[in-house]
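Here the structure is laid out as structure tokens; the discussion comes afterwards.
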Amino acid sequence: MFKGSYVALITPFDGDNVDEDAFVKLVQWHIEQGTHGLVPVGTTGESPTLSHTEHKRVVELTVKTVAGKIPVIAGAGSNNTRESIDFSLHAEQAGADALLHVAGYYNRPNQIGMYRHFEAVHNACNLPIVVYNIPPRCVVGLDVDTLTDLAKLPRIVGVKDATADLSRPGKERIRIQGEFSWLSGEDATAVAYNASGGQGCISVTANIAPAMCAAMQQACLDGDYAKALDYQDKLMPLHEALFTEPSPAGAKYAASLLGLCRDECRLPIVELTDATKRKIEDAMQRINLV
């Protein structure tokens, strides 16, 4: 079962190339900071702009660097089912612990289409799968009943929920039998999501404040929500600042202030405005990150 603070990893760039040295150091830093698990090549990792070769290389680097110390849930999602299967088989061969899969963006399948997409990926590989439900990006989202049906498949083991609907864990928990991982996909509501039955978060903010995010999630797991809320109150300005402009430009700029990597993103994501940079710097200074 996956729980705690998982980082939706950024992918550092050096000009036209993935900065592999910076990426390896980034992964090592997260392990040292107490991060519970890593999620490479998701949207925050700019997977839409990575070549297939780059995507697979980042997964390989993550698994190799982690060396079994913490779980790796490899991003393998696509609105092309064949491409999803290809990424899944590669991640399995590379040694990832699980897969993160999104479906539906642009081609907008109905509930049956999304079920069959996830079913096809499930049947093609042997890794556990966390499905990613994010209607704001995909336009379509998984209904509670569809997720319930998917959870009956033996290797569909969890959901990354970015619906911002805090009633979802309760509705799903009374329907889904056995072990299942409910992970928030939205930093600002992560503590509230956990209070409704969640067990963790796949976080963007954890790229910048991994120790605080891990401590906050551990407090939730320990049932100490007063402590978790104290962390969340301190982190909220950073949550807001990082998403002032399209992600992951904010996270990469913040990471550059920490000396972790350059702030380069690939088009169509562009450099932040000076006002947003100041907002991020102020939020980081409030919690003594810089």
Full-extension gain in nm, K152 to Q177, via 0.36 nm per residue minus C-alpha separation: 8.2 nm
Amide H partners (placed H, <5 Å) of L99, local residues excluded: A74, I129, V130
Which entries in K3/K171; K25/K277; K3/K160; K25/K56; K25/K64 show an alpha-carbon gap greater than 21 Å? K25/K277
Cross-link reach list, aspartates and glutamates versus K279, counting only Cα pairs under 15 Å and skipping chain neighbours closer than eight places: E240, E245, E271
Once the Cβ-Cβ distance between D230 and D145 is put in as r, and R0 is 35 Å, what FRET efficiency do you end up with, to the nearest 0.05? 0.40
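All of the numbers you see were taken from the coordinates with simple rules; none came from a lab. Keep in mind that what you see is a predicted model, and the values were worked out from it rather than measured. FYI the Cβ positions are ideal-geometry reconstructions off the backbone, even for glycines, and counts take in every protein chain you see.
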